[in-house]
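What follows is a single structure, written as structure tokens, with notes after it.
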Amino acid sequence: MRVLLTAYGSRGDIAPLAGLAARLRELGAEVRVCAPPDEEFAELLTSVGAEVVPFGRDVRALRTVAPPSDAAAFAAELVAAHFETVGKAAEGCDVLVASGLMPAGVRSVAEKLGVRYVYAAFHPFEMPSAHYGPAPRPGPPAPPDMTDRQALWDLDVQKVNALYLAPLNAHREAIGLAPVDNVRDHVFTERPWLAADPVLAPWQDLTHLDLVQTGAWILPDERPLPADLEAFLDAGTPPVYVGFGSMPLGGAADIARAAVEAVRAQGRRVLVSRGWAGLGPADDADDCFAVGDVNHQALFRRVAAVVHHGGAGTTTTAARAGAPQVVVPQFVDQPHWAARVADLGIGAAHDGPTPTSASLSAALRTALSPETQARAKALSGTIRTDGTEVAARLLLDTEHTEHAEHADAVPAMSREQISGIAHADHPIKSPLDDDSVRGLLERGLPRGDERVLDLGCGTAEWLLRALATRPDLHAEGVDVSEVALTQARRTATRLGVDERLVLHHQEAADFVSAQPFDLVISIGATYAFGGLLPTLAAARRHLAPGGRVLIGESFWDRTPSPEAVEMFGDLDDLATTVDRVVADGWTPVHGHVSTRRELDDYEWACWGSLAAWALDHPADPAAAQVLETADAQRSQWLHGYRDSFGFLCLVLRRTSD
């Protein structure tokens with residue numbers, strides 16, 4: 001399979017393509033990359049084995065020497081390169097992936113060739129939203145009294161059209177394609193990809209578009225650090241890194257001087273990255289060292305904090321390294337990344353693009369505090385590293401590609417996405433109503449100041465409900481779904497309980513804690529441990545003396561049909577299930593058997609939510625799949641297991657501790 005990746009932009013736009021290209025080649029694909037002609041980009045891309053096709057002008061020169069004086073003429077120049085240089089490179093390819101500065105003509109190339117097209121964004125903040133306005137673009141500014149965000153996004157469409165619409169439609173007409181009337185939305189498609197980490201960039205509440213989030217496209221960096229840098233790092237305490245990547249920065253010398261003064265004011269050594277702004281040490285003192293292009297993945301693990309501009313790549317690398325951050329945002333997405341770093345408690349957002357010694361000192365005090373350092377370390381383990389794997393597998397899904405009926409076809413919805421829709425109206429993913437959940441928590445948490453663990457917590461609904469009504473409670477949850485954990489973190493923040501909730505992204509069976517828990521919960525997740533008794537054995541390892549276990553398990557209420565057994569396996573009846581638990585050394589102190597109403601309400605909620613979503617989104621490529629799933633699951637329930645399936649929750653204590 002041949003894949004064409006294309007982007008026009010700085011290193012932050014090109015490095016992710018290198019990461020994806022590397023993984024695609026490992027999986028056997030041929031990869032061609034259209035990128036600006038900067039020498040450093042060509043070196044990066046060829047190092048991963050990609051064929052490089054340069055197009056457009058040198059980006060570093062544009063940013064640091066001679067920015068384009070006529071934005072419309074520059075846009076027309078890029079569109080021409082999309083149809084000519086990128087168009088020629090696309091011949092013989094099976095899929096085109098576009099990103100970077102408005103790739104206005106790339107989808108037209110894919111349409112003409114009859115191949116699949118994907119638009120990938122490296123942050124969600126360019127997508128229309130009711131929560132923020134668009135970033136500035138060339139063209140007349142919005143009127144001062146225009147504050148309605150929808151109006152601002154409509155104006156954004158007009159600005160993009162003013163730059164790109166005429167040249168785009170002229171080229172489309174030349175190759176026999178119909179004109180478009182909205183360049184931005186044409187480029188984005190109805191279901192763009194988001195190549196950003198779900199913890200750092202949750203998008204579900206931000207935009208009406210249905211994004212496919214792959215995770216960040218990270219290229220593993222195996223380069224050793226230079227010997228002189230190693231010597232500096234070894235000569236003292238961890239320094240504070242200061243670097244602004246591809247940002248040109250007016251007044252770079254003053255910014256470098258302010259940064260060095262601010263870091264020294266915190267009693268720290270300084271590591272200055274030259275970058276495109278040409279930053280350097282303020283003096284010859286031995287507590288300050290300057291570096292060029294080095295391995296940030298290795299370096300950031302050895303610094304006390306990272307002061308940077310807030311690019312998506314740097315933010316992700318620092319978060320993954322567990323390094324506290326101070327973000328000094330310059331433009332576009334960077335203020336949003338700064339706010340997200342502050343919201344997560346892993347650093348500070350500097351107010352404005354030009355730091356002074358005093359302003360940066362204040363931000364560093366926050367970043368270097370023990371609380372921020374602990375939070376940054378804790379969050380580092382939640383950052384996904386499989387973004388290129390997810391994206392590559394989606395691109396190489398040959399069955400999907402061969403059966404795609406149009407150029408912008410997208411992957412089918414994942415099982416996790418379907419589950420999220422199905423449980424939208426029933427967040428407790430078990431047949432229990434609110435009163436039953438409340439009663440079970442009351443029996444499991446008699447004091448209200450316990451430590452609670454949920455093994456297989458999903459969106460942490462049990463923990464969130466417990467925390468919301470018990471201000472002295474502390475809880476931890478474990479789950480393999482980062483999407484679910486991201487949703488849990490957002491809800492915890494909204495409820496004001498995030499400081500008392502710790503979430504772990506890993507297999508529940510592998511979780512280890514130094515401290516025991518007063519209540520261990522596992523509702524409907526016994527499959528993760530291999531069954532009921534293995535789940536209880538895992539819970540026992542985490543249980544404090546006198547502690548309790550709240551467990552939920554299925555059973556057969558009546559003799560099941562062969563189809564039901566095939567779906568759920570060889571479950572026991574209610575009495576046998578309880579007998580097995582008692583024989584294993586547990587005493588039930590409370591129990592609840594789901595009522596017929598609870599069982600029916602749960603099923604109707606799940607499959608009804610799916611069906612409603614499909615009917616509400618008829619234009620979505622996944623609508624047919626979702627509606628088919630709803631119909632099939634509802635039929636399996638009504639005809640297969642409704643009359644035989646039961647669900648039991650038990651509050652247990654050890655018979656003998």
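The values are calculated or read from the model by the stated rules, or taken from the named source; none is laboratory data. Computed from a predicted structure; not experimentally measured. For neighbour counting, all protein chains shown are included, and Cβ atoms are generated from backbone atoms with ideal geometry for every residue, glycine included.
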| Which one is farthest from residue 390 (Cα to Cα), of the residues in the range 505-525 that are in a strand (DSSP E or B) and modelled with pLDDT of 90 or more? | 518
| field | Residue among 323, 319 that is assigned to a loop (DSSP other than H, G, I, E, B), closer than 16 Å to residue 242 by Cα and modelled with pLDDT of 95 or more | value | 323
| Among the residues of the range 509-554, which ones are hydrophobic (A, V, I, L, M, F, W, C) and over 25 Å from residue 593 (Cα atoms)? | 509, 511, 512, 514, 517, 544
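One line per residue, one yes/no per condition, for (1) hydrophobic (A, V, I, L, M, F, W, C); (2) assigned by TED's automatic domain parsing to the domain that holds residue 335; (3) under 30 Å from residue 90 (Cα atoms):
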site	(1), (2), (3)
118	yes, no, yes
121	yes, no, yes
129	no, no, no
132	no, no, no
136	no, no, no
145	no, no, no
151	yes, no, no
154	no, no, no
164	no, no, yes
| Do we find that residue 365 is in a helix (DSSP H, G or I), outside the structural domain of residue 19 (by TED's automatic domain parsing) and surrounded by fewer than 22 Cβ atoms within 10 Å (Cβ to Cβ) in this structure? | yes
| Output for the range 20-49, where each listed residue is crowded, with 23+ Cβ neighbours inside 10 Å and small (Gly, Ala, Ser) | 21, 35
| Which ones in the range 526-564 are among the β-branched types (Val, Ile, Thr) and at pLDDT below 90? | 526
| task | Filter the range 488-504 down to the residues that are assigned to a helix (DSSP H, G or I) and touching a helix residue (DSSP H, G or I) at 6+ places or on another chain (Cβ under 8 Å), then identify the one that is farthest from residue 378 (Cα to Cα). | result | 495
| task | Find the residue count for the range 612-645, including only residues that are aliphatic (A, V, I, L, M), closer than 24 Å to residue 209 by Cβ and surrounded by fewer than 20 Cβ atoms within 10 Å (Cβ to Cβ). | result | 6
| query | Quick one: which of 112, 159 is buried (at least 16 other Cβ atoms within 10 Å of the Cβ), assigned by TED's automatic domain parsing to the domain that holds residue 197, out of contact with any Lys or Arg (no Cβ under 6 Å at 6 or more places or on another chain) and among the basic types (Lys, Arg)? | reply | 112
| said: Could you check the range 437-461 and list, in sequence order, the residues that are surrounded by 24 or more Cβ atoms within 10 Å (Cβ to Cβ) and over 19 Å from residue 507 (Cβ atoms)? | reply: 444, 452
| task | Test residue 75 against the stated conditions and say whether it is buried (at least 22 other Cβ atoms within 10 Å of the Cβ), farther than 26 Å from residue 391 by Cα and among the small types (Gly, Ala, Ser). | result | yes
| request: Output the number of the condition that residue 67 fails; it satisfies all remaining conditions of (1) crowded, with 18+ Cβ neighbours inside 10 Å; (2) over 20 Å from residue 215 (Cα atoms); (3) of a type outside the set (Val, Ile, Thr). | output: (1)
| Name the residues in the range 418-472 that are over 30 Å from residue 616 (Cα atoms) and either of a type in the set (Phe, Trp, Tyr) or assigned to a loop (DSSP other than H, G, I, E, B) (or both), would you? | 445, 446, 447, 448, 449, 450, 456, 469, 470, 471, 472
| task | Kindly indicate whether any position in the range 426-436 is on the phi > 0 side of the Ramachandran plot and either crowded, with 20+ Cβ neighbours inside 10 Å or in contact with a Ser or Thr (Cβ under 6 Å, 6 or more places away or on another chain) (or both). | result | no
| task | Working only within the range 270-287, note down all residues that are farther than 19 Å from residue 334 by Cα and surrounded by fewer than 22 Cβ atoms within 10 Å (Cβ to Cβ). | result | 274, 278, 280, 281, 282, 283, 284, 285, 286, 287
| query | For residue 210, are the conditions met, namely being closer than 21 Å to residue 323 by Cα, within 24 Å of the chain's Cα centre (by Cα) and surrounded by fewer than 19 Cβ atoms within 10 Å (Cβ to Cβ)? | reply | no
| query | Looking at residue 599, is it assigned to a helix (DSSP H, G or I), among the hydrophobic types (A, V, I, L, M, F, W, C), assigned by TED's automatic domain parsing to the domain that holds residue 424 and touching a strand residue (DSSP E or B) at 6+ places or on another chain (Cβ under 8 Å)? | reply | yes
| request: Taking residue 488 as meeting all but one of (1) at pLDDT 90 or above; (2) under 21 Å from residue 527 (Cβ atoms), write down the number of the exception. | output: (1)
| said: Checking the conditions here, which among 376, 404, 349 is farther than 30 Å from residue 329 by Cα and either in contact with a strand residue (DSSP E or B) (Cβ under 7 Å, 6 or more places away or on another chain) or modelled with pLDDT of 90 or more (or both)? | reply: 404
| message | Would you confirm whether or not the range 611-623 contains a residue that is part of a helix (DSSP H, G or I) and either outside the structural domain of residue 421 (by TED's automatic domain parsing) or within 30 Å of residue 578 (Cα to Cα) (or both)? | response | no
| message | Being touching a helix residue (DSSP H, G or I) at 6+ places or on another chain (Cβ under 7 Å) and either touching a residue at least 12 places away in the same chain (Cβ under 8 Å) or more than 22 Å from residue 617 (Cα to Cα) (or both) narrows it down to one residue among 189, 147, 214; which is it? | response | 214
| task | Return yes when residue 526 is surrounded by 14 or more Cβ atoms within 10 Å (Cβ to Cβ) and touching a Pro at 6+ places or on another chain (Cβ under 8 Å) and no when it is not. | result | yes
| message | Scan the range 50-57 and tell me whether some residue there is closer than 27 Å to residue 251 by Cβ and charged (D, E, K, R). | response | yes
| field | Test for residue 233: is it in a helix (DSSP H, G or I), touching a residue at least 12 places away in the same chain (Cβ under 8 Å) and farther than 21 Å from residue 329 by Cβ | value | yes
